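Trainee: Supplied in structure tokens, the structure appears directly below.
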Amino acid sequence: MPLWTLRGLRRGVVTTRYPARPDPSAVLLPTPPVFRPDALTSDLADRLVAVCPSRALGRDGDVLVFDVGACTACGRCRAEAPQAAEDSGEFELAATAREHLIKRIALDGSPR
Amino acid sequence: MTSQSATGLNVPATSEELRRTVARMFGRSLHIRTLDTGSCASCEQEIRLLAAPHYDLHRLGFFFTPAPRHADLLMVTGPMVRAFETAARKTYDAMPDPKVVVATGACALGGVYQPDPFTHGGVGGTFPVDVWIPGCPPSPLALLQGLLVAVGRLADQVKDLDFALNRTPR
């Protein structure tokens, strides 16, 4: 019998909370990139869009559109432009609306 | 606002109301039916690991069931191949109300495959999806967080992230 059954009977609490402390293995997970808008030129953004295999990156004028939901964390954008993209370390990315996963990143030199 | 279902139970109409109902009804116990709509099985491997001792899904009050009629939550993986769509709809229809749909992995979220004669390229067109879990595949930790977001025990935190560093103030 799993231990939590006994604990639950004793305490009257049948379920427990989400991991109380961060999981040590979490740092090893592949995670979507974060981008440095200051290092993102228009040409570089086009190269990143071309190198993305899962249509997670797109251009909308002076904005790089990053669809976190489509990202497979393959690391090709980080390999293409290490100065402009790095690991985010974020893996708890569940969203209650699809739009929450679409991020718009203004390029360097775009009108403020 | 609630509508009267065929069984005479009040069924929540809006997704926000559904979320509150789910938190009240399922916050402590919930049965999950997984549905593979053409995934590469990486997502299934990670979902399988949720029940392993390290992640121990059951301590959080979640259980897997093979029967859609016993399930409260439908965990959908894969890009929804067209050949499977009828079976997927039947699974969804067989589940009792209220029910929650969780789209799992980049394929299900529409990232990897484009719509073509073989696949819809995502599950969003087939079901009303309540929670989207990105990742290729999402790790068991990400799945756990997604399930807890689905039952309202954790907040959707990705909406506040902008995925940009050193943003110049405007």
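Throughout, read-outs are computed from the coordinates displayed, never taken from laboratory work. For clarity, every value in this text was computed on a predicted model and none was experimentally measured. All Cβ positions, even for glycine, are placed from backbone atoms using ideal geometry, and neighbour counts span all protein chains on display.
Trainee: Can you give me the Kirkwood hydrodynamic radius for chain A, using every pair of distinct Cα atoms, in Å to one decimal?
Mentor: Details: mean 1/r = 0.0609 Å⁻¹.
16.4 Å is the Kirkwood radius here.
Trainee: Across region B:25-170, how large is the tail of the calculated P(r) beyond 28 Å, expressed as a percent of all Cα pairs? Don't skip to the end; give the middle numbers.
Mentor: Working: 1948 of 10585 pairs.
Across region B:25-170, Cα pairs with separations above 28 Å total 18 percent.
Trainee: Moving to a separate point now. Which value at 222 nm does chain A reach when only helices count, each DSSP H run of 4 or more adding -39,500 (n - 2.57), with the total divided by all residues and rounded to the nearest 500 deg cm²/dmol? Could you put the intermediate results ahead of the total?
Mentor: Values: 3 runs with 24 residues, N = 112.
So the helix-based figure for chain A works out to -5500 deg cm²/dmol.
Trainee: A:L57's amide H: which non-local residues (gap 5+, or another chain) put their own amide H closer than 5 Å, with H modeled 1.01 Å from N in plane and none for Pro or chain starts?
Mentor: A:D67
Trainee: Count, for each residue of B:42-51, the Cβ atoms from other chains sitting within 10 Å of its Cβ, then give me the mean as a whole number. Write down the numbers at each step before the final one.
Mentor: Working: counts 0, 0, 0, 0, 0, 0, 0, 0, 0, 0.
Mean shielding count: 0.
Trainee: Then there's this: Taking +1 at the Cβ of each Lys and Arg and -1 at the Cβ of each Asp and Glu, which of A:L48, A:A26, A:C77 sits farthest along the dipole of chain A towards its positive end, judged by Cα position relative to the Cα centre?
Mentor: After comparing all options, I get A:A26.
Trainee: Additional query: Using the Cα centre of region A:13-109 as the reference point, and only Cβ charges (+1 on K/R, -1 on D/E), how large is the resulting charge dipole? Debye, rounded to the nearest 20. Don't skip to the answer; put the middle values down first.
Mentor: Working: 11 positive and 14 negative charges, 65 e Å.
That gives a dipole near 320 debye.
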